[in-house]
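To start, the structure under review is shown below, and the notes come after it.
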Amino acid sequence: MTTLIICHEVDDGERWAEAWQRKAGSRHEMFDQIGVKARTFRDPKNPNSTGLILEVPDIERFHAFMASDDAARSMEEDGLKAETMRILSEFNP
């Protein structure tokens, strides 16, 4: 299991949050398909500053998914500013 912290800016924090509401077609459901569990975060002073903690059982599958057209379409729909994305991977020194 790999734990990731992902931070990024979005155009509209409310629209991004709506995409993560637990319902049919949500981003939770999308990540569940590849076994990834997600926790969502927003900066209370700047709701367009968002983040995730992901528990990823298969990092290669995750990277393949993130390179897919489906992931690109989802990020575009959510207004995610890809150039702001930072991914931190847990490590044990």
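Ignoring ligands, DNA and RNA, how do 41, 91, 65 rank by accessible area with a 1.4 Å probe, largest first?
Order by accessible area, largest first: 91, 41, 65.
Set the Förster radius R0 to 41 Å, insert the Cβ-Cβ distance between residue 88 and residue 23 as r into 1/(1 + (r/R0)^6), and round the FRET efficiency to 0.05.
That gives a FRET efficiency of 0.90.
For the chain, which whole percent of the accessible surface, found with a 1.4 angstrom probe, sits on carbon and sulfur atoms?
50
Per residue, how much accessible area does the chain have with a 1.4 Å probe, in Å²?
65
About its Cα centre, what dipole magnitude does the chain give when the only charges are +1 on Lys and Arg Cβ and -1 on Asp and Glu Cβ, stated in debye to the nearest 20?
Computed charge dipole of the chain: roughly 320 debye.
Can you give the extra length, in nm with one decimal, that the chain gains between residue 3 and residue 67 once fully stretched, where that is 0.36 nm per residue apart less the Cα-Cα distance?
21.2 nm
Using 0.36 nm per residue of separation minus the Cα-Cα distance, give me the extension gain between residue 14 and residue 34 in nm, one decimal.
Extra length from residue 14 to residue 34 when fully extended: 4.7 nm.
Count neighbours as other Cβ atoms within 10 Å of each site's Cβ, and list the trypsin sites (Lys or Arg not before Pro) in the chain that are DSSP loop with at most 13 such neighbours.
Those satisfying the criteria are 22, 23, 45.
What accessible surface, in Å², does a 1.4 Å probe find on residue 53, ignoring ligands, DNA and RNA and rounding to the nearest 10?
Roll a 1.4 Å probe over it and residue 53 shows about 40 Å².
The values are calculated or read from the model by the stated rules, or taken from the named source; none is laboratory data. Please read these numbers as outputs of a predicted model, since none were measured by experiment. Neighbour counts run over all protein chains shown; Cβ positions are idealised from the backbone, glycine included. We work out accessible area using only protein heavy atoms, side chains counted, and drop any ligands, DNA or RNA first. Shrake-Rupley method; radii C 1.70, N 1.55, O 1.52, S 1.80 Å.
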